[in-house]
Amino acid sequence: MYAVLFDIDGTLLHTGGAGQLAFADAFESEFGVGQLSGEVAFAGRSDRAIAYELMGVHDVPATETNWQRFRHAYLRRLPDALKLRRGRVLPGVLELLDALDLLEHPVVGLLTGNLEQGAACKLAHYGLGHRFGFGGFGDSSHDRCDIAAAALREAERFAAGRAAPGNGRAIAGAMVIGDTVHDIACARSIQAYAVAVPTGNTPADQLAAANPDLLLDDLTDPRPVLERVRAAMQATGNGPLP
């Protein structure tokens, strides 16, 4: 089987800044920070890494206790932030997910820096909560490569029950679809095929400089992704796909 792993923010959807709003509200309520520093980058990073860097910038002790305080406050505020901000599912996402559902072999999951509960909240808000069976999330790690490894392990577990007897490893390869250079880097760390789309905040030329395997304007045309999935499955002996 083949795993297709999606980033969320900037790849599947735009939340209109709801995540950053919930971050800011959580830091104000828990630590008295009136305005978050604009020097801390959010794109392509884990929520844990962002929160710890913000703690350092704002002189908040970066302890596990404070991380848990932030985590609970953020998750409480995220649903209201999503309602306040106008977001959308990005072009082609639904069509690509539908097309992947029609193929027999791929397993479709997440590779995201979002907290697992935060990811579920965002996806449910935009009607995508049922589309992903597993994932790697930003709850426990600062490093996107660690999250990628976790996502691949989860893909193995998810696919194990669907693998035919005698086929060996359930997952024979993977694809990562994301909108930042961090997504490309973490794809490389698990030997996955890297698909990049400049639908977030990273321009196409910066993504191109990171040498993805495939650079698309967006996900409107699913054919390049589907062709790669079909080719990968045929190469691993799963036979022709529809």
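Residues checked against (1) touching a Leu at 6+ places or on another chain (Cβ under 6 Å); (2) loosely packed, with under 15 Cβ neighbours inside 10 Å; (3) not β-branched (Val, Ile, Thr):
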residue: 101; (1), (2), (3): no, yes, yes
residue: 114; (1), (2), (3): no, no, yes
residue: 121; (1), (2), (3): yes, no, yes
residue: 135; (1), (2), (3): yes, no, yes
residue: 160; (1), (2), (3): no, yes, yes
Residues in the stretch 176-186 that are in contact (Cβ under 8 Å) with a residue 40 or more places away in the chain, crowded, with 23+ Cβ neighbours inside 10 Å and more than 21 Å from residue 17 (Cβ to Cβ): how many?
3
Taking the stretch 191-215 only, how many residues are under 18 Å from residue 154 (Cα atoms) and surrounded by fewer than 23 Cβ atoms within 10 Å (Cβ to Cβ)?
2
How many residues, within the stretch 169-207, are among the aliphatic types (A, V, I, L, M) and either part of a helix (DSSP H, G or I) or outside the structural domain of residue 151 (by TED's automatic domain parsing) (or both)?
6
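Going by the conditions given, is residue 71 touching a His at 6+ places or on another chain (Cβ under 8 Å), crowded, with 16+ Cβ neighbours inside 10 Å and within 19 Å of residue 147 (Cβ to Cβ)?
Numbers: touching a His at 6+ places or on another chain (Cβ under 8 Å): no; crowded, with 16+ Cβ neighbours inside 10 Å: yes; within 19 Å of residue 147 (Cβ to Cβ): yes.
Considered against the rule, which asks whether it is touching a His at 6+ places or on another chain (Cβ under 8 Å), crowded, with 16+ Cβ neighbours inside 10 Å and within 19 Å of residue 147 (Cβ to Cβ), residue 71 comes out as no.
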Please report, ordered by residue number, the helices (runs of 4 or more DSSP H) entirely within the stretch 1-116 with at least 1 residues that are under 21 Å from the mean Cα position of the chain (by Cα) and not assigned by TED's automatic domain parsing to the domain that holds residue 182.
18-31, 47-57, 64-84
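The values are calculated or read from the model by the stated rules, or taken from the named source; none is laboratory data. Quantities reported herein were computed from a predicted structural model and do not represent experimental measurements. Every residue, glycine among them, receives a Cβ derived from its backbone with ideal geometry; neighbour counts consider all protein chains shown.
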